[in-house]
Amino acid sequence: MRAVAQGTYRYWRDGALQAITEPWQLRRTPDGLVLKGQRLVDGKPALEIEAQYGGGLCSAMRLHWRGSDQDSRVHYRRCGETLEWRFDDDAGFQVFVLPQGCLLFPLLRAAAGPLVRKLADSPRSLVLPALHNPADSERFLRPLLSARRAVLLDGKAGHYRYYGGEYGEQGSDYWLDQQGLLLRYRWDSPQGVWEVRLEDHSASARDTVPE
């Protein structure tokens, strides 16, 4: 495998740098593109994800969650209009039926830009692992459907407004480069104004994040 792109997303709150980073790397393999990334908190991995792409779309992902009192691995794979998924200790896959046009979102910031562009063309549902409440053993890391949409505000600046999920109808601001890679995004929360920026980015001339 060879790396064709990589970078790190860093988090700010009210202008202060936070101890949260998301390093990622895109690799080309004989089977297609693989996007790998982590979410590090105080330098320690909290979330590790590997996503496989085929035909321009995410087709499978593996997620490793490392909580203070929980260590879980979950596998997702797209099979037509269904999602097959299982935890590491499950005997087999469970089947989750997807609505038409649903996209698998592997949570990584490097994967968000192409999805935002698709949502600006056509609002649709995303399927992603539920991460909001680790204490909820009935839902945590299981497939979650979320209606999303985006509006292009400024094509020259690559500025979009992204709605749904944790952003609700208030939305969040996303800025993408010409290839669709997320450069930064910003949203308001009860804890303050958050901003995430891409740094230490490098890429070959012809390779970009998957669409």
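Readers should treat all values here as calculations from the given coordinates under stated rules, not as data from a laboratory. Just so you know, these numbers come straight off a predicted model, no measurement behind them. Because the Cβ atoms are built from the backbone with ideal geometry, glycine has one as well, and the counts that use them run over all protein chains shown.
In table form, for the structure just shown:
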read-out	value
Glu166 paired with Ala46, simple spin-label distance in nm, labels 7 Å along Cα-to-beta-carbon	0.8
With eigenvalues of the C-alpha gyration tensor scaled by 5 and rooted, the stretch 113-211, Å	25, 16, 15
Ratio of Rg to Rh over the stretch 23-124 (Cα coordinates, Kirkwood Rh, two decimals)	0.98
Between the stretch 120-157 and the stretch 20-51, the Cα center-to-center distance that results, in Å	19
Amide H within-cut-off set for Gly171, under 5 Å, with H built and near neighbours excluded	Gly164
Set of lysines with alpha-carbon distance to Lys118 below 24 Å, sequence-local pairs under 8 removed	Lys36, Lys156
Amide H within-cut-off set for Arg124, under 5 Å, with H built and near neighbours excluded	Arg148
For a label point 7 Å along the Cα-to-beta-carbon line of Thr82, residues of the stretch 107-142 with backbone N under 20 Å	126-129, 142
Estimated vicinal HN-Hα couplings, Hz - the stretch 84-94 in sequence order (Karplus 6.51, -1.76, 1.60; Gly, Pro = x)	9, 8, 6, 7, 4, 8, 6, 6, x, 7, 9
Square roots of 5 times each gyration tensor eigenvalue, C-alpha, the stretch 87-127, largest first, Å	25, 15, 4
Shape metrics for the chain, restricted to C-alpha atoms - Rg then Dmax, Å	16.6, 50
Karplus 3J(HN,Hα) series, Hz, for the stretch 109-124 with 6.51 cos²θ - 1.76 cosθ + 1.60 (x for Gly, Pro)	4, 5, 9, 6, x, x, 5, 4, 5, 5, 5, 5, 7, 7, x, 6
Range of Cα positions in the stretch 56-101 per principal axis (Å), largest first	37, 25, 15
